[in-house]
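As structure tokens, the structure follows; a few thoughts come after it.
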Amino acid sequence: MKVSVGQFNPGADVVENLATMRRLSVAAAQDGGKLVVFPEEAMFSVGRIKGDFSAAVDAHWTTFVQGLSMIASDVGIAVIAGGYESSGEARPYNTVVAVGDDGEILGTYRKLHLYDAFSYQESTRIKPSDRGVTIVEIGGFKVGIMTCYDIRFPELARTLAVSGVDLLCVSAAWFKGEHKIEHWETLLKARAIENTCWVAAAGTSSDHCIGHSAILDPMGIPTDFLNDEAEGVATADVTHRRIEEVREFLPVLLNRRFDSSSEVLPAG
């Protein structure tokens, strides 16, 4: 299955962001992509919302989800993208939505690890997930969903891997800063290598984020990638055969001696 990552700079207008994702989804489909992964904050960027953030979430979450569904069904490509979902409280969830190529919602993932690091406090405005990990099936592949800061927590990726995931999809808005590109690239490689699975990571390309979207094979080798382009698509052929090849000579999941457990929720 060909998988794409779409990189762009979300603004405050949900409709405009959806139009950009539609354009990039068409480009991904033209490359043969059957799944396209978009960044965290693809719905809109928190820093660009004027006025009450929670009110903006309440007003636009349904529009965002319905827009993703229309893109997927119109273009004929599965879509994964990050937005903000009302929690019924002052702080919404940071939520990634997975949509099948028929427009049906396959599942949602609420960010578990909030970015309270490097002098930033995401938890002041976002509520942490009240659920476990999320796995969906797309094109015969089990897909695990992660969001940005989650990749600094290897136990999350390992939980997904031992639950049978073939592909880790990461939606991110990875802040710029000293060594931050090196951290991003190292962590993506590590999550692929230690779990011998594919990784598809989409990054925001705003003034304060690095971009650097990439698709890595189970040996951590980037098979296609972007740098700091304002907008673009990278596509790679993700195969079960490559997973089997790597796990034949690098059976780390079989060799492990410590268990990792977390609740795996039904998609939804």
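Counting only residues at least eight positions apart within a chain, or on another chain, the lysines with an alpha carbon under 24 Å from that of LYS127 are LYS50, LYS111, LYS176.
Between the amide H of GLU229 and those of HIS212, distances stay under 5 Å, these residues lying 5 or more places away or on another chain, with hydrogens modeled in the peptide plane.
Rounded to whole numbers, the Karplus 3J(HN,Hα) couplings from phi for segment 83-100 are x, 10, 10, 4, 9, x, 10, 5, 9, x, 8, 8, 10, 9, 10, 10, 10, x Hz, using 6.51 cos²θ - 1.76 cosθ + 1.60 with θ = phi - 60°, and x at Gly and Pro. Note on the chain: with charges restricted to the Cβ of Lys and Arg (+1) and Asp and Glu (-1), its dipole about the Cα centre is near 380 debye. Protection proxy ranking, highest mean first, for peptides 246-252, 198-204, 10-16, 72-78: 198-204, 72-78, 10-16, 246-252, where packing is the per-residue count of other beta-carbon atoms within 10 Å, averaged. Remark: relative contact order (the chain) = 21 percent; criterion is Cα-Cα distance under 8 angstrom and separation of 6 or more residues. Positive-end ranking of PRO39, ILE77, CYS169 along the dipole of the chain, with charges on Cβ about the Cα centre, is headed by CYS169.
Taken one residue at a time, the phi angles of segment 238-254 give Karplus couplings (6.51, -1.76, 1.60, θ = phi - 60°) of 8, 10, 5, 4, 5, 4, 5, 4, 5, 6, 5, 9, 9, x, 5, 5, 7 Hz. Gly and Pro are set to x.
Rolling a 1.4 angstrom probe over the protein heavy atoms, how many square angstrom per residue are accessible across segment 58-120? List each step's numbers first, then the result.
On the way: 2470 Å² over 63 residues.
On a per-residue basis, segment 58-120 sits at 39 Å².
Looking at segment 136-252, the accessible area is 38 square angstrom per residue; that uses a 1.4 Å probe and ignores ligands, DNA and RNA.
Neighbours of THR124, meaning other residues whose beta-carbon lies under 10 angstrom from its beta-carbon, give a summed charge of 0 when Lys and Arg score +1 and Asp and Glu score -1. Residues in segment 131-142 carry Karplus couplings, in order, of 10, x, 7, 10, 10, 10, 10, 9, x, x, 10, 7 Hz; the curve used is 6.51 cos²θ - 1.76 cosθ + 1.60 with θ = phi - 60°, and Gly or Pro positions show x.
The Cα center of segment 154-201 and the Cα center of segment 1-78 differ in position by 21 Å. Counting only Cβ charges, +1 for Lys and Arg and -1 for Asp and Glu, the dipole size of segment 102-234 around its Cα centre is about 480 debye. When peptides 32-39, 81-88 are ranked by their average number of other Cβ atoms within 10 Å per residue, the highest-first order is 32-39, 81-88. In segment 1-68, one over the average inverse separation of all distinct C-alpha pairs is 12.6 Å, which is the Kirkwood hydrodynamic radius.
Which percent, to the nearest 5, of DSSP beta bridges fully inside segment 1-107 are antiparallel? Intermediate values should be presented prior to the final figure.
Numbers: 9 of 15 bridges.
If I count the DSSP bridges inside segment 1-107, around 60 percent turn out antiparallel.
Counting only protein heavy atoms and a 1.4 Å probe, tell me what percentage of the chain's accessible area is made up of carbon and sulfur.
On the way: 5630 of 11230 Å².
Looking at the chain in its full context, I get 50 percent from C and S.
Quick one: divide the alpha-carbon radius of gyration of segment 43-104 by 2.2 N^0.38 Å and tell me what you get. Spell out each step's value before the answer.
On the way: Rg = 12.4 Å, N = 62, 2.2 N^0.38 = 10.6 Å.
It is 1.17.
What Kirkwood hydrodynamic radius, in Å, does segment 21-155 give when the mean of 1/r is taken over all pairs of distinct Cα atoms and then inverted? Result for segment 21-155 stands at 15.4 Å.
The values are calculated or read from the model by the stated rules, or taken from the named source; none is laboratory data. In this text the structure is predicted, and so the values were computed from the model without any measurement. Virtual Cβ from ideal backbone geometry, glycine too; neighbours counted across all protein chains shown. Surface areas here come from the heavy atoms of the whole protein model, side chains and all, with no ligands, DNA or RNA. Shrake-Rupley method; radii C 1.70, N 1.55, O 1.52, S 1.80 Å.
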